[in-house]
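Here's the structure we're looking at; comments come further down.
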Amino acid sequence: MRYRADRFLQSLSTWAKPPQLTAGAFATVVLLGTALLALPAATETGEGAGFVTALFTATSAVCVTGLIVVDTPEYWSTFGEAVILALIQIGGLGIMALATVLTMAVGRRLGLRMAVRTSSEAKSLTLGDVRELVKGIVTVTLIAEALLAAVLGLRWWLYYGESPGRAAYLGLFHAVSAFNNAGFALYSDSLEGFVTDPWICVPVAVAVVAGGLGFPVWLELWRFSRRRRERYHWSLHARITLVTTAVLLAVGFVSFLVLEWRNPATMGGLDPRDKLLAAFFQAVMPRTAGFNSLPFGEMNTQTLLVTDILMFVGGGSAGTAGGIKVTTFALLAFVILANVRGEPTVHVAGRRLSDGVVPQATTVVLMAIGLVVTATLALMTITPFSLDEILFETTSAFGTVGLSTGITGELPVAGEFIIVFLMFVGRIGPITLASALALRRRPRRYELPEERPIVG
């Protein structure tokens with residue numbers, strides 16, 4: 001068994017390189033989903049979706065984004081909706097499982113302990129570790145989705161008068177979509193009709209946050225709950241993820257509340273309690289789920305800019321969220337702080353960051369910025385929309401968020417392909433890029449003479 005485990009992990013870290021492994025797996029699922037959605041049975045009219053529409057929807061579902069070019073409940077049949085639901089589930093589980101296994105492969109290549117294990121319980125990596133971790137991911141996901149589906153289904157049945165079967169279907173679809181941060185909804189206006197209903201908005205928001213934290217953080221929270229009577233040593237990753245997530249949620253909540261409080265097209269007509277609920281719900285969605293209880297096309301420019309920033313950052317690593325990830329964002333903030341103080345090394349929460357972390361984080365962020373800016377410029381060239389609308393769309397696609405000001409369905413075919421590319425790269429890019437950079441680390445055999453150029 002140990003020999004098989006060694007061969008398995010070695011193949012992941014050497015023969016099956018992370019970019020090829022991840023991109024190939026997701027591309028295969030996208031193509032399969034495109035073929036299924038192109039079938040006549042997948043649409044309400046029975047005529048079959050066009051290739052571009054099927055490809056766009058399949059990519060959005062697998063990459064758990066939520067951007068759409070057609071109205072989901074009106075265009076797709078029950079079979080088509082079931083295909084979308086299956087693609088969301090496969091995409092969400094695949095993201096977490098691949099990210100976890102790649103973490104193990106990177107850890108073995110670099111001689112590091114697994115990021116999801118605490119220092120006191122670190123063990124050598126075996127094939128059993130892979131099986132147990134993937135099993136844990138599936139178990140937690142299914143339990144969380146089942147609980148959310150029950151809450152939502154009961155609400156739609158008992159309060160909104162849906163039939164038991166329809167309520168159960170609505171609950172299941174939105175539970176899977178929420179936990180996987182997908183943002184697909186079976187209502188044409190997403191969840192705008194439930195903006196004042198805490199029994200819909202709060203459970204969905206909690207599921208989005210939970211799915212976006214990532215399995216490593218779930219594991220530590222579970223271990224912490226079992227050791228409440230003794231001191232628990234949190235990993236640096238968990239502390240950064242939890243604290244940064246809380247800070248960004250607070251910033252988003254206050255921003256939405258202040259900037260949209262008097263906007264008559266969004267929350268201006270709501271009472272104070274409902275405004276608090278709407279601001280909380282919308283502050284969570286850039287984590288990155290595409291549900292909306294307020295129309296983003298009617299929001300102020302300042303609100304869109306704040307949302308752009310939140311979408312670009314995204315959620316936690318090895319979870320269902322997209323973006324550059326909160327850990328990357330927080331680490332760069334600590335790097336800036338260390339440079340301002342004139343410190344030669346970066347220290348976070350009583351730990352010194354390893355030398356390779358800062359260049360990796362910087363590379364991920366700069367490449368992400370370059371991708372979003374390039375796509376924004378391209379769409380500005382071929383569409384008549386404003387910079388605010390296009391930047392919001394491209395950031396949402398890259399961050400696999402799914403929020404939109406309403407221009408997605410009006411993009412030309414070339415624009416749709418740009419968004420498809422952004423969703424795909426935004427979903428697999430940060431994972432594969434970080435893994436590839438880590439796996440390519442190698443010592444230099446010599447150093448060239450040092451010279452310092454002028455900075456600033």
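The values are calculated or read from the model by the stated rules, or taken from the named source; none is laboratory data. Here the structure is a predicted model, which is why all the values come from computation and not from measurement. Methodologically, a virtual Cβ is constructed for each residue, glycine included, from the backbone with ideal geometry; neighbour enumeration extends over all protein chains shown. For the accessible areas, the whole protein counts, side chains as well, though only heavy atoms, and no ligand, DNA or RNA atoms are used. Shrake-Rupley method; radii C 1.70, N 1.55, O 1.52, S 1.80 Å.
Considering only VAL151, ILE240, ALA250, the residue lying farthest towards the positive end of the dipole of region 143-278 is ILE240, judged by Cα position with unit charges set on Cβ. A simple spin-label model places the labels of TRP234 and TRP261 3.0 nm from each other, with each point 7 Å out along Cα-to-Cβ.
Put a dot 7 Å past the Cα of VAL340, heading toward its Cβ, do the same for ARG445, and the two dots end up 4.4 nm apart. Residues in region 346-428 average 42 Å² of solvent-accessible surface per residue, probe 1.4 Å, ligands and nucleic acids excluded. Size descriptor for region 289-425, Kirkwood hydrodynamic radius: 16.2 Å (Cα pairs only, one decimal). Peptides 374-387, 319-332 ranked from most to least packed give 319-332, 374-387, packing being the mean of other C-beta atoms within 10 angstrom over each peptide's residues.
Between LEU259, ALA283, VAL195, the Cα set farthest toward the positive side of the dipole of region 194-284 (charges on each charged residue's Cβ, about the Cα centre) is that of ALA283.
Put the Cα centre of region 62-86 next to the Cα centre of region 165-188 and the gap is 11 Å.
At a 1.4 Å probe radius, carbon and sulfur cover how many percent of the accessible area of region 254-354? Kindly include the intermediate steps, with their values, before the conclusion.
Working: 2530 of 4190 Å².
With neighbouring chains kept in place, the figure for region 254-354 is 60 percent.
Report the per residue volume, in Å³, of the convex hull enclosing the C-alpha atoms of region 167-263. Intermediate results must be reported in sequence, preceding the final value.
Values: hull volume 13.7 nm³, N = 97.
Hull volume normalised by residue count: 141 Å³.
Ratio of Rg to Rh for region 300-380: 1.04 [Cα atoms; Kirkwood radius as inverse mean 1/r over pairs]. Amide H contacts of VAL348 (H built 1.01 Å from N, in plane; Pro and chain starts excluded): LEU353 sit under 5 Å, all sequence-distant by 5 or more or on other chains. Distance from the alpha carbon centroid of region 367-428 to that of region 212-286 works out to 26 angstrom. Full extension of the segment from GLU298 to LEU31, taken as 0.36 nm per residue of separation minus the current Cα-Cα distance, would add 92.6 nm. Between amide H atoms placed 1.01 Å from N, distances below 5 Å from THR43 occur with GLY48, SER77, all of them 5 or more places distant or on a separate chain.
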